[in-house]
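Working notes, structure below.
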Amino acid sequence: SGDDVTPQDFVAFYCDGTFGVHIDANVWHQPLFPIGERIVFDDKQGRVHACIACDFVKEFGVYLSVPLRYGN
């Protein structure tokens, strides 16, 4: 959707650490949010590091909520 992003465009993923996550270029994403006490990330950044911020509260007046059940 280019720069015309809306809250409805976003999805969430839960990774328990048994598999990796790959995010292609030109995909809107947020940094990882760990929910455990000790987390280790193996990260690889591409040659181009472009960041466009999206503040949902300021731009849309909403928060995004992702219900998770930890430990299942």
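Since every read-out is calculated from the coordinates, none of them should be taken as a lab result. Since this is a predicted model, take the numbers as computed values, not measurements. Note that we place each Cβ from the backbone using ideal geometry, even for glycine, and neighbour counts take in every protein chain shown.
Place a point 7 Å from the Cα of residue 56 along the Cα-to-Cβ direction; which residues of region 1-44 have their backbone N under 16 Å from it? What the label zone holds, given the 16 Å backbone N cut-off, is 5-14, 28-34.
So what's the projected area for the chain, the Cα convex hull averaged over all directions, in nm²?
Over every viewing direction, the Cα hull of the chain projects on average to 6.3 nm².
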